[in-house]
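Beneath this line is the structure, given in structure tokens, with notes to follow.
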Amino acid sequence: MSEQIKSKERVAEHGEVFTNEREVNAMLDMVESETDRIDSRFLEPACGTGNFLAEVLRRKLNSVKRQYGKLSSDYEKYSVLAVSSIYGVDIQQDNVEECRNRMFDIWDKEYRKNCKTACSDECREAVRYILAHNILCGDALTMLQNNGAPITFAQWDLVMGSMLKRRDYQLDQLMEGHEKQMSLDMCVNGRKWEYDSEIDAMVPAPVREYPNTDYREVQKYG
Ligand SMILES: C[S@@+](CC[C@H](N)C(=O)[O-])C[C@H]1O[C@@H](n2cnc3c(N)ncnc32)[C@H](O)[C@@H]1O
């Protein structure tokens, strides 16, 4: 059986055929300026075991090393930021777990190499926590998780040096897109929209906001 499929049943049931490394790289080369940017956000709505996401992470970590490799504390912080910018959904739980573990292993291998004795288990725990919130098991068509809750992603922004600001957004609301022409404080169907300076447009407001926290302590959100 080729490495591109796990079983004929899974192909028939879920259309599960994994993409080869060569095609993954050729496609990512087309958006190189984004894959090389540490905080550019990627979402793969049928991520499988993470063939695309793993390569995005590798490329981002190369950028972290290039820009911040001289100082372990900088490398650590920006490598966590790189992980936090990558999102995935898959309908099969085993794929989700494989994908999270694969991403963790890629990050941890580089973390050990670059930070050596400065590595901490607290930071590892933070990365595991972020991956558990960024790579979700659900149906990208209904936009519901396997437990019936709406697919909700945490957006992580680095603020004030070493703090992360977490805001949770519902995927179905984000898919409504953005509006250029809305007035500030706009409400649609009782839902608030907000101005986003990054894209100069109105976007649905987060469903939940959290107090800023040190990037090594996000797991304390519980
Ligand atoms: C063609 S494979 C691609 C996997 C991966 N993107 C890759 O290129 O290697 C499709 C994946 O989508 C998942 N899938 C199928 N239907 C889905 C749905 N409605 N929502 C989320 N994932 C789905 C399958 O479990 C499978 O892992």
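A straight line joining the Cα centroids of the stretch 84-125 and the stretch 52-78 runs 13 Å. Highest mobility in the GNM of the chain, judged by mean-square fluctuation with C-alpha springs under 10 Å and restricted to TYR78, TYR129, TYR87, is found for TYR129. Amide H contacts under 5 Å for ASP214: LEU164, restricted to partners 5 or more places along the chain or on a different chain, H placed in the peptide plane at 1.01 Å from N. The HN-Hα couplings worked out from phi for the stretch 4-10 by the Karplus form 6.51 cos²θ - 1.76 cosθ + 1.60 (θ = phi - 60°) are 7, 9, 8, 7, 5, 4, 5 Hz, whole numbers, x standing for Gly and Pro. So which of LYS109/LYS220; LYS8/LYS220; LYS113/LYS220; LYS65/LYS220; LYS60/LYS220 end up more than 30 Å apart by C-alpha? Exceeds cut-off: LYS8/LYS220. Close amide H partners of VAL207, meaning residues 5 or more places away or on another chain with modelled amide H under 5 Å apart, are ASP168, TYR169, GLN170.
Which value in deg cm²/dmol, rounded to the nearest 500, describes the helix-derived mean residue ellipticity at 222 nm for the chain, given -39,500 (n - 2.57) per DSSP H run of n ≥ 4 and division by the residue count?
My calculation for the chain gives -12500 deg cm²/dmol from helical runs alone.
Select from the chain the helices, each a whole stretch of DSSP H, whose alpha-carbon atoms run 15 Å or more along the helix axis and whose Kyte-Doolittle mean is at least -0.5; answer none if there are none.
Those that clear 15 Å and a mean of -0.5 are 72-84.
For the chain, pairs of C-alpha atoms spaced more than 22 angstrom apart make up 55 percent of the total. Ordered by solvent-accessible area of protein heavy atoms (1.4 Å probe), largest first, the residues TYR221, TYR75 come out as TYR221, TYR75. Note on ARG191 and LYS113: their simple-model spin labels are 4.2 nm apart, each label 7 Å out from Cα toward Cβ.
Here's how it looks for LEU43: its modeled amide H is under 5 Å from those of TYR87, which are all 5 or more places away or on a different chain.
The values are calculated or read from the model by the stated rules, or taken from the named source; none is laboratory data. Quick caveat, the model's predicted, so the values are computed rather than measured. A quick note on method: Cβ atoms are made from the backbone with ideal geometry, for glycine too, and the neighbour counts reach across all protein chains shown. SASA here: full protein model, heavy atoms, side chains in, ligands and nucleic acids out. Shrake-Rupley method; radii C 1.70, N 1.55, O 1.52, S 1.80 Å.
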